[in-house]
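Below: one structure, written as structure tokens.
Each value in this text was obtained by applying a stated rule to the coordinates, not by laboratory testing. Since the model is a prediction, treat every value here as computed from it, not as a measurement. Cβ: placed from backbone, ideal geometry, glycine included. Neighbour counts: every protein chain shown.
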Amino acid sequence: MGLGTKNRQNQTAEICKQHLREKHTDKLLLVEEFIVETEGVGKNQDVTSWGRFTNVKNKTDEMLECLDTAFDKWLNP
């Protein structure tokens, strides 16, 4: 895996986490729990897991819409 790919994966992860934290300021503890469930912690941390919210077009707005849908489903199973 090239450096560019790793940078894109990290950037995707940061965009997703920032979006959730800014959009759901009233639910920050739940947001943090969702983040941990999504990417793990410590040795099990995997930022590539945020890639499931992206698509072939790689459009940020579509990615964030998919992320919001997943978070809402996670909140209300």
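Applying the selection to segment 41-77, what residues are assigned to a loop (DSSP other than H, G, I, E, B) and either β-branched (Val, Ile, Thr) or farther than 19 Å from Arg8 by Cβ (or both)? Listed by number, the residues that qualify are Val41, Thr54, Val56, Asn76, Pro77.
Residues that are among the charged types (D, E, K, R), surrounded by fewer than 12 Cβ atoms within 10 Å (Cβ to Cβ) and part of a helix (DSSP H, G or I): does segment 4-16 have at least one? Spell out how you get there, then give the answer.
Initial filter on segment 4-16 (among the charged types (D, E, K, R)): 6, 8, 14.
Next, only the ones that are surrounded by fewer than 12 Cβ atoms within 10 Å (Cβ to Cβ) stay: none.
Checked segment 4-16: no residue is among the charged types (D, E, K, R), surrounded by fewer than 12 Cβ atoms within 10 Å (Cβ to Cβ) and part of a helix (DSSP H, G or I).
Scanning segment 26-40 for residues that are exposed (fewer than 14 other Cβ atoms within 10 Å of the Cβ) and in a helix (DSSP H, G or I) gives Asp26, Leu28, Leu29, Glu32, Glu33, Val36, Glu37. Listed by first and then second residue, the pairs linking a residue in segment 36-57 that is hydrophobic (A, V, I, L, M, F, W, C) to a residue that is in a loop (DSSP other than H, G, I, E, B) and crowded, with 16+ Cβ neighbours inside 10 Å, with Cβ atoms under 7 Å apart and 6 or more places separating them unless they lie on different chains, form an empty list. Criterion applied to Lys59, Lys23 was being more than 20 Å from Leu75 (Cα to Cα) and surrounded by 10 or more Cβ atoms within 10 Å (Cβ to Cβ), and the one residue passing it is Lys59.
Could you go through segment 66-73 and let me know if any residue there is among the basic types (Lys, Arg), exposed (fewer than 15 other Cβ atoms within 10 Å of the Cβ) and within 9 Å of the chain's Cα centre (by Cα). Before you say what the answer is, go through the steps one by one.
Taking segment 66-73 and keeping what is among the basic types (Lys, Arg), we get 73.
Applying the additional criterion that residues be exposed (fewer than 15 other Cβ atoms within 10 Å of the Cβ) yields 73.
Subset that is within 9 Å of the chain's Cα centre (by Cα): none.
There is no residue in segment 66-73 that is among the basic types (Lys, Arg), exposed (fewer than 15 other Cβ atoms within 10 Å of the Cβ) and within 9 Å of the chain's Cα centre (by Cα).
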